[in-house]
Amino acid sequence: MTRVRMKVDGVVYSDEVEPRLLLVHHLRDGLGRVGTPIGCDTSNCGACTVHVDGDSVKSCSVLAVQADEAEIMTIQGLSDGDWHPVQRAFQQHHGLQCGYCTPGMIMASVDLLKRNPSPSEEEVRHGLEGNLCRCTGYQNIVRAVLSAASELRGDGPIAGSFQDSTDMTEAHA
């Protein structure tokens, strides 16, 4: 066993872990941060994306001992009681369906927008390449990220969410 110390979602933890324990398993099983799903355990899907020292990483590809002395943010630590603009945009623009990939998509999107506050649609698609969604076809995810970017810049969210759209009967009249 190896002792690790890490700050997760603002709380400092010190635990004994097996040297081969993946960070995603430590977060979920050891610390109860179950908002980070285990998707593939091979780093292909990105569902387990968290921020380690401010950078987006797939927590199934990092050993818990590698995160010793790190500051980690999970989807559960992203908001302070009110939804983060990216979370809100995903809800408003239906950037999710089954929801399994959503925590990783949101965490990767937050990192993308930190690095590029004004991405183009192509840059959003490229920035999320490491995160897979089998339900949405990505269009609503991209729209949500662009809307969140607009809101974070102070321009307000992008109109066009399903909640803002006109009644479908009027659109076909």
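Please go through region 152-173 and give me each residue that is at pLDDT below 75 and either within 21 Å of the chain's Cα centre (by Cα) or β-branched (Val, Ile, Thr) (or both), ordered by number.
Answer for region 152-173, where residues must be at pLDDT below 75 and either within 21 Å of the chain's Cα centre (by Cα) or β-branched (Val, Ile, Thr) (or both): Ser161, Thr166, Thr169.
Could you figure out which of (1) within 15 Å of the chain's Cα centre (by Cα); (2) outside any helix (DSSP H, G or I) isn't true of Arg20?
Condition not satisfied by Arg20: (1).
Would you mind stating whether Ala149 is in a helix (DSSP H, G or I), touching a His at 6+ places or on another chain (Cβ under 6 Å), surrounded by 11 or more Cβ atoms within 10 Å (Cβ to Cβ) and at pLDDT 95 or above?
In short, no.
I'd like to check something: does region 31-41 contain any residue that is over 19 Å from the mean Cα position of the chain (by Cα), surrounded by fewer than 20 Cβ atoms within 10 Å (Cβ to Cβ) and either in the same structural domain as Met73 (by TED's automatic domain parsing) or not in a strand (DSSP E or B) (or both)?
no
Results for (1) at pLDDT 95 or above; (2) touching a Cys at 6+ places or on another chain (Cβ under 9 Å); (3) among the hydrophobic types (A, V, I, L, M, F, W, C); (4) farther than 22 Å from Arg115 by Cα, shown as yes or no for each residue.
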| site | (1), (2), (3), (4) |
| --- | --- |
| Met6 | yes, no, yes, yes |
| Val12 | yes, no, yes, yes |
| Glu18 | yes, no, no, yes |
| Leu27 | yes, yes, yes, yes |
| Leu31 | yes, no, yes, yes |
| Val50 | yes, no, yes, no |
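The values are calculated or read from the model by the stated rules, or taken from the named source; none is laboratory data. From a predicted model like this one, the values you see are computed outputs, not experimental measurements. In this analysis, Cβ positions are derived from the backbone assuming ideal geometry, glycine residues included, and neighbour counts consider all displayed protein chains.
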